[in-house]
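The values are calculated or read from the model by the stated rules, or taken from the named source; none is laboratory data. Everything quoted here is computed from the prediction, not taken from an experiment. Heads up, the Cβs are rebuilt from the backbone with ideal geometry, glycines too, and the neighbour counts pull from every protein chain shown. Note: accessible area is taken over every heavy atom of the protein model, side chains too, but ligands, DNA and RNA are not part of it. Shrake-Rupley method; radii C 1.70, N 1.55, O 1.52, S 1.80 Å.
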Amino acid sequence: HMMSKGERQNVLIARALISEPSLLVLDEPSEGLDIYAREYLLQTIRAFAETEKMTILYVTHYPEEIQGFMKKTLLMRHGQIFAQGDTADVLTSDNLSRLMNAPVDVRWLADGGVRMHVAADTELVRICYGAKEDGADGRRK
């Protein structure tokens, strides 16, 4: 039986935790995981963050993975600090819209989760997904 990527990630994290580190660095730990494995990973990290006395440095390209239990957030663009501070103060519609040069709606949920929405009809989405416009009416092909 081969392990899934999510199972491998959990094993790697468990191995790192055996020595009871004071700092755990997770560099894009959800890369390649499906939505269920990613949510399980985030819940596992949340459990450790809330019960263990360790600092967790979570590096991601996906701001929707940032959760309310993560006390501090640092946003970077082009290798420079864009914004930093308490997560609830940094992870805002205004900051993410300016960071991504596209309208981003950030909604904080009662459970500390975050939901984000990027308007589909923006230049950022057209560039990222390679949609082309025809010359006549500007509609994507």
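Points to keep in mind about this one:
- Per-pair calculated FRET efficiency, R0 = 30 Å: D86 and M2 via Cβ, rounded to 0.05: 0.15
- Separation in nanometres of the label points that stand 7 Å from Cα toward Cβ, at S93 and H78: 2.7 nm
- Surface exposure of region 1-128, expressed per residue as accessible area with a 1.4 Å probe, stands at 67 Å².
- Building the convex hull from the alpha-carbon atoms of region 50-124 and averaging its projection over directions returns 5.5 nm².
- A simple spin-label model places the labels of N101 and T60 2.5 nm from each other, with each point 7 Å out along Cα-to-Cβ.
- Fraction in percent of alpha-carbon pairs per bin - 10 Å, region 1-96: 14, 46, 32, 8, 1
- Taking Lys and Arg as +1 and Asp and Glu as -1, the other residues whose beta-carbon sits under 14 Å from that of G32 total -3.
- Among the protein heavy atoms of region 1-62, carbon and sulfur supply 56% of the accessible surface, probe 1.4 Å, non-protein parts ignored.
- With a cut-off of 14 Å between beta carbons, the residues surrounding A83 carry a summed charge of 0, where Lys and Arg count +1 and Asp and Glu -1.
- Charge tally for L23 (other residues, Cβ to Cβ under 12 Å; Lys, Arg +1; Asp, Glu -1): -1.
- Each principal axis of the Cα cloud of region 23-72 was taken in turn, and the coordinate range along them, longest first, works out to 29, 18, 17 Å.
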